[in-house]
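Let me begin by presenting the structure, written as structure tokens, before commenting on it.
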Amino acid sequence: MIFFGTGSANIDTKKTKNTVCQHCKTDNSLFINIYRRHAHVFWIPVFPLGKSGSSYCSHCKEVLSQKQMPEDLKMEYKNIKGNAKGPLWQFAGLAVLACLITFVIYSGGKDKENTQLYLNVPVIGDVYEYRANNGNYSTMKIRRVTEDSLFLSLNDYEINRISRLYKIEKNENYPEDTYGYSKSEVKLMKRQGIILNIERD
Ligand SMILES: [Zn+2]
């Protein structure tokens with residue numbers, strides 16, 4: 001499947017002044033069409049590329065590329081081409097991309113904020129994502145909270161990519177037995193980058 005390509009849009013059509021068709025010799029019958037090419041991804045225009053165009057005679061229908069035009073027509077063509085501005089929709093993909101980046105930055109910031117909040121006020125069921133000594137990733141779940149300690153059940157499984165933690169984050173992977181950590185120990189693990197994220201349903 002082709003998902004990347006280019007397209008073009010007609011951005012201007014102008015009648016020329018004081019020209020004569022070199023083919024049928026009709027006065028003022030020549031029009032200039034200007035096109036702007038754009039790159040598209042999945043048929044969404046992403047950004048505009050260069051402009052091009054041609055002339056055509058409304059009488060004899062002869063079409064000329066820039067190279068084929070006589071000098072006076074070429075001059076007019078260049079003027080019209082220089083002034084032609086494309087439609088904003090040729091930037092649609094860039095706008096979508098900008099929105100996406102803004103969203104990712106925003107939600108990333110929100111995640112960090114939440115993790116800090118959850119760390120300060122732990123609740124039973126919170127899932128801590130952490131990096132194990134061997135470089136793998138796993139999770140642990142809060143089973144009990146006391147005034148100064150947390151009791152966590154450690155996931156039986158590890159996985160080598162943090163983005164795949166969801167695959168092992170299942171109730172049946174948490175054994176009954178728990179390990180107790182003081183709240184300050186847990187905060188230290190967060191500061192040291194051992195605990196990476198805290199998820200709460
Ligand atoms: Zn003509």
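The values are calculated or read from the model by the stated rules, or taken from the named source; none is laboratory data. If you're wondering where the values come from, they're calculated on a predicted model, not measured in any experiment. Note that each Cβ is placed from the backbone with ideal geometry, even for glycine, and that neighbours are counted across all protein chains shown. Accessible surface is based on the protein model in full, side chains and every heavy atom, while ligands, DNA and RNA are left aside. Shrake-Rupley method; radii C 1.70, N 1.55, O 1.52, S 1.80 Å.
Structure values in brief
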{"read-out": "Unique match (being touching a residue at least 40 places away in the same chain (Cβ under 8 Å) and away from the ligand (no atom under 16 Å from the Cβ)) among Lys112, Lys67, Lys51", "value": "Lys51"}
{"read-out": "Those strands (runs of 3 or more DSSP E) lying entirely in the range 1-107 with at least 3 residues open to solvent by 90 Å² or more (accessible area, probe 1.4 Å) and at pLDDT 95 or above", "value": "none"}
{"read-out": "The range 187-201 - residue that is touching an Asp or Glu at 6+ places or on another chain (Cβ under 6 Å) and either in a loop (DSSP other than H, G, I, E, B) or polar (S, T, N, Q) (or both) and, of those, nearest to Gly125 (Cα to Cα)", "value": "Arg200"}
